[in-house]
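Scroll down for the structure; my scribbles are underneath it.
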Amino acid sequence: MKAATPASFFRTMPRKRKLLAQLSALQSDSSFASFDALGNLNTKPDGDSCPKSSKYFAAEKKNSSRLEADFFNQPCISLAKSFLGQVLVRKLPDGRELWGRIVETEAYLGGEDEASHSKGGKQTQRNAAMFMKPGTLYVYQIYGIHFCVNVSSQGEGAAVLLRSLEPLQGLDEMREMRSASRKGPTKLLKDWQLCSGPSKLCQAFGIDKTFDQRDLTQDAAIWMVPGPDLPGEQDVVATTRIGIGNRGEWTQKPLRFYLRGNRFVSVVDKKMEREMAAIGQLSCLASVPPSRS
């Protein structure tokens, strides 16, 4: 099944509008055929203009067909990073589609990981999806109320938690579903509040236990498509996971990944971001040739 990219996907993204305009201008000028169309946009959130060089950076919009099995069939940490910038699509029963860019994930490595539901290689009816083929959804409930959604990867019992999304399409529908799940009078949620956390994400996208063990490569109601603007490695913050309690050394392992400078992320690690900015500035300075006197 293939999903066409809706026009509103780009209309709602000013930065992507600018990107498309630059691509169009460059394509019409043959003298710049080999120029990096994103050169002017390849800057860090703190204003650092050191160019991106990561092989993971996409200079052109990819096709909108769903991500297939070979994408999901990779080690857990690699998949958690690769999810950043990709787009989750949810088709509602009435045909409306919700689109959200993945901006934050957490990796759970299976048997050795003391914070994983499959620690020690334990397989139960609840966590069975973690042992299924890569790309299988693992949905579980917390506090008997909220849901969280994970995607299985390579590795026995390994899966990636989808932690936060940047809403792209269907924001009104997301607000309706978030409001329906909250008790009492509620204030109108801002865009950045809609999917900034694993349970919020599930509420906004209408994901519940019925989605457990579904296959993202085959399901008609939920899938992923390639993102049009994937991050460079230097844009990805690696830090500790959230809400896992005391799990010894695993509490401090940098297995949460998010897009630096993205306001839709649930929890920002300012210390780590400052360290990354300092390293980036030093790298750029080191790459500048000495002036000739």
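The values are calculated or read from the model by the stated rules, or taken from the named source; none is laboratory data. Just so it is clear, the structure is predicted and the values come from calculations on it, not from any experiment. FYI the Cβ positions are ideal-geometry reconstructions off the backbone, even for glycines, and counts take in every protein chain you see. With ligands, DNA and RNA removed, areas are computed over all heavy atoms of the protein, side chains included. Shrake-Rupley method; radii C 1.70, N 1.55, O 1.52, S 1.80 Å.
Extension gain for the segment residue 126 to residue 278, taken as residue separation times 0.36 nm less the Cα-Cα distance, is 50.4 nm to one decimal. If the chain linking residue 73 and residue 180 were pulled fully straight, counting 0.36 nm for each residue of separation and taking away their Cα-Cα distance, it would gain 35.0 nm. To the nearest whole percent, what portion of all C-alpha pairs in segment 69-282 is separated by more than 26 angstrom? Cα-Cα pairs of segment 69-282 separated by over 26 Å account for 32 percent. About its Cα centre, segment 208-272 has a charge dipole of approximately 420 debye under the convention of +1 per Lys or Arg Cβ and -1 per Asp or Glu Cβ, with nothing else charged. Only protein heavy atoms count here; on that basis, with a 1.4 Å probe, residue 276 has an accessible area of about 40 Å².
Value of Rg to Rh for segment 181-266, rounded to two decimals, is 1.00; Kirkwood radius and Rg both from alpha-carbon coordinates.
With respect to the cross-link table entries 119/187; 122/209; 187/271; 190/271; 119/200; 187/253, which display a Cα-Cα separation exceeding 28 Å?
Working: 119/187 40 Å; 122/209 20 Å; 187/271 32 Å; 190/271 26 Å; 119/200 26 Å; 187/253 37 Å.
Correct reply: 119/187; 187/271; 187/253.
Residue separation of residue 249 and residue 96 scaled by 0.36 nm, minus their Cα-Cα distance, works out to 50.7 nm of gained length.
Label separation (residue 220 vs residue 145): 3.4 nm, computed from points 7 Å beyond Cα along the C-beta direction.
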